[in-house]
Amino acid sequence: MYTKTIDFSHYASIKVGQPTEVLMIERGDSIPTDRYLIGGANNLLLSPTPPPLMMLSKDFATIEQTEETLTIGASMPTGRIVSYAKRHDIAGFEFCAKLPGTLGGLLAMNAGVKSYEIFTILQSVQIDGVWVEKEQIPHGYRFAQLNGIATAGRFGLRRGFDEPLKERLHALRQNQPPHPSAGSAFKNPSGDYAGRLIEAVGLKGVRRGGMAWSNLHANFLVNLGGGNFEEATALLRLAKERVFEEFGIVLEEEIILLDATSSPVHNG
């Protein structure tokens, strides 16, 4: 293992943060239990006082194929997974097109598009060196309780990459704002949409400093330039307060806030 300084104002998809030392884990290393695991930083909001961080190195960016399974390392970027699936005519990964991040991040939050989720095609996850069947892992909409560090996922091999499906699912993401963001800020509550609720309480387009609720999609917290953690969290709090006051609905963050109080060894 080794340390690497990462500037999160460039690395994180929302472009908020500062240069921070990250411990890089290599294959064969004992994984610390006192650090917070990050991946592609595509749904992270880093505070000025983050917890100790670590990341799986490129040692875990692997794909191994047999006649029946595909085993993918947790550091493998989603774009490369889709490219591999298309090149080898493997079905099931079409929804990953344009989903940012790495497999580890997808596993940690059961990421997906509409009804297509990573756990739908998953067989098992390697957690702390042990393979665990997906049925043993509590999971649901944008949620998975891995209870450890995921270093790989295993999937059943099906032939027939569906290019039209990939394009249809990709089109569903075309309404997303062009500005830096961390994806959906809140999970959709049962039977409703977080974006609709935020817009209904008059917050669509509302700005605090360099951060704002997008004019294109109200559930996207965007960085219009120079936005910081305090401005972002102020808008998150405001949305939760307004929506609860108006509708009695408690919005749950999909974006992950990383500050000194964050628990170590998170799965994403």
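The values are calculated or read from the model by the stated rules, or taken from the named source; none is laboratory data. This structure is a prediction, so every number in the text was calculated from the model and none was measured. Here the Cβ positions follow ideal geometry from the backbone for every residue, glycine too, while neighbour counts run over all protein chains shown.
Report yes if residue 257 is in contact with a helix residue (DSSP H, G or I) (Cβ under 9 Å, 6 or more places away or on another chain) and closer than 26 Å to residue 122 by Cα, otherwise no. No, not satisfied.
Restricting 59, 89 to residues that are closer than 27 Å to residue 10 by Cβ, over 17 Å from the mean Cα position of the chain (by Cα) and charged (D, E, K, R) narrows the list to 59.
Per-residue answers, yes or no, for (1) in contact with a strand residue (DSSP E or B) (Cβ under 9 Å, 6 or more places away or on another chain); (2) touching a residue at least 40 places away in the same chain (Cβ under 8 Å); (3) hydroxyl-bearing (Ser, Thr, Tyr); (4) in the same structural domain as residue 114 (by TED's automatic domain parsing):
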{"position": "153", "(1), (2), (3), (4)": "yes, yes, no, yes"}
{"position": "156", "(1), (2), (3), (4)": "yes, yes, no, yes"}
{"position": "161", "(1), (2), (3), (4)": "yes, yes, no, yes"}
{"position": "164", "(1), (2), (3), (4)": "no, no, no, yes"}
{"position": "177", "(1), (2), (3), (4)": "yes, yes, no, no"}
{"position": "180", "(1), (2), (3), (4)": "yes, yes, no, no"}
{"position": "192", "(1), (2), (3), (4)": "no, yes, no, no"}
{"position": "196", "(1), (2), (3), (4)": "no, no, no, no"}
{"position": "200", "(1), (2), (3), (4)": "no, yes, no, no"}
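Residue 40 meets each of the listed conditions (1) buried (at least 18 other Cβ atoms within 10 Å of the Cβ); (2) in a strand (DSSP E or B) apart from (2). Restricting attention to segment 44-62, the residues being under 15 Å from residue 27 (Cβ atoms), out of contact with any Asp or Glu (no Cβ under 9 Å at 6 or more places or on another chain) and assigned to a strand (DSSP E or B) number 2.
Considering segment 107-125, the residues that are buried (at least 19 other Cβ atoms within 10 Å of the Cβ) and in contact (Cβ under 8 Å) with a residue 40 or more places away in the chain include one that is nearest to residue 61 (Cα to Cα), namely 107. Put simply, of 34, 7 the only residue that is modelled with pLDDT of 95 or more and not assigned by TED's automatic domain parsing to the domain that holds residue 152 is 7.
With the structure loaded, tell me whether residue 204 is of a type outside the set (Phe, Trp, Tyr), in contact with a Ser or Thr (Cβ under 9 Å, 6 or more places away or on another chain) and not in a strand (DSSP E or B) or whether it fails that test. Taking the combined requirement at face value, the residue satisfies it.
Go through the residues of segment 75-91 one by one and say whether even a single one is assigned to a loop (DSSP other than H, G, I, E, B), assigned by TED's automatic domain parsing to the domain that holds residue 165, within 28 Å of residue 220 (Cβ to Cβ) and in contact with a helix residue (DSSP H, G or I) (Cβ under 9 Å, 6 or more places away or on another chain). Scanning segment 75-91 turns up at least one residue that is assigned to a loop (DSSP other than H, G, I, E, B), assigned by TED's automatic domain parsing to the domain that holds residue 165, within 28 Å of residue 220 (Cβ to Cβ) and in contact with a helix residue (DSSP H, G or I) (Cβ under 9 Å, 6 or more places away or on another chain).
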